[in-house]
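One structure is given here, and the rest of the page talks about it.
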């Protein structure tokens with residue numbers, strides 16, 4: 001879901017207080033693969049970006065992975081650096097650093113003169129663990145240290161400190177449906193951003209975290225290979241669907257659908273559609289290319305039903321596996 005932060009306006013008077021952006025950035029999408037498929041990633045597996053959607057998806061990582069994700073969103077620019085390491089008999093361990101930069105904002109006096117610059121930022125430091133349990137069931141857990149800060153340069157005499165931090169966790173599971181636990185259908189369930197309120201100024205203005213419960217499914221269909229070809233030398237199609245809603249609330253569910261078609265991991269073409277309550281629904285498209293240990297994914301979302309005068313968000317992911 002593409003959402004906007006409650007950020008200060010571009011011009012702040014000397015008497016205005018910094019507005020707490022809270023932790024809405026926790027629902028910003030991360031990873032071009034997921035975005036290209038309409039943000040359907042609750043049942044996704046085998047990729048490091050799964051940590052931001054359902055940490056259980058990390059359990060199927062086959063190799064060490066280092067990844068860089070960046071996005072140009074309506075609210076600002078985001079950057080993620082992550083690393084994940086599978087270990088036989090233990091599971092998958094890793095973590096990520098996540099930054100959302102909302103850009104510098106001008107602070108003006110009553111005459112409209114610029115007297116300072118405000119720099120709002122969100123940070124997340126995440127540690128994740130995933131492992132296989134009984135049968136085809138996998139489990140994942142992520143711990144998050146979440147921070148919102150507003151730095152000021154220039155005349156900041158009446159500008160109160162704008163820094164707050166809190167903690168949260170994600171809990172998720174996935175399982176495959178089919179004979180021997182190896183069927184084409186994968187189901188995922190995750191509770192995201194369960195934690196304490198983010199307090200920047202005082203308790204009365206503390207913001208609750210965007211806790212969400214999501215359920216998703218992914219079905220994989222393999223086409224028949226060409227004459228003389230082996231099963232792994234054929235095209236395949238992945239169909240995915242997600243349903244999520246604010247935890248403990250009714251009537252605000254959001255649905256997303258996506259597809260991914262391609263030849264092995266060499267070339268993938270993706271498309272999807274997100275039906276979102278806040279008017280920022282829309283389609284998305286994506287492309288993935290992988291050769292050897294290197295992989296690149298691109299995606300773009302096209303917003304509809306929105307009055308925002310902004311370019312459609314773009315996403316880029318770069319991976320190295322060992």
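Just so you know, all these numbers are worked out from the coordinates, no wet-lab data involved. In this text, all values refer to a predicted model and were calculated from it rather than measured experimentally. Cβ placement follows ideal geometry from the backbone for every residue including glycine, while neighbour counts extend to all protein chains displayed.
Numbers at a glance
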read-out	value
Fewest-first sequence of 235, 302, 159, 322 by Cβ atoms within 10 Å of each Cβ	322, 302, 235, 159
Paramagnetic reach from residue 194 (point 7 Å along Cα→Cβ, amide N under 19 Å) across segment 34-68	42-43, 51-59
Segment residue 243-residue 108, extension gain: residue separation times 0.36 nm, minus the distance between their alpha carbons	44.2 nm
Added length on full extension, which subtracts the Cα-Cα distance from 0.36 nm per residue, residue 119 to residue 88	6.8 nm
Cβ-derived FRET efficiency at R0 22 Å, residue 97 paired with residue 320, nearest 0.05	0.85
Inter-probe distance in nm under a simple model that places probes 7 Å from Cα toward Cβ, at residue 143 and residue 266	4.4 nm
Computed E for residue 234/residue 167 - FRET, C-beta separation, R0 51 angstrom, nearest 0.05	0.65
Rough spin-label spacing in nm, given labels placed 7 Å along Cα→Cβ, for residue 77 and residue 296	1.8 nm
Cβ crowding within 10 Å averaged over residues, with 50-61, 24-35, 88-99 ranked highest first	50-61, 24-35, 88-99
Directionally averaged projected area (convex hull, Cα atoms, segment 11-321), nm²	18.1 nm²
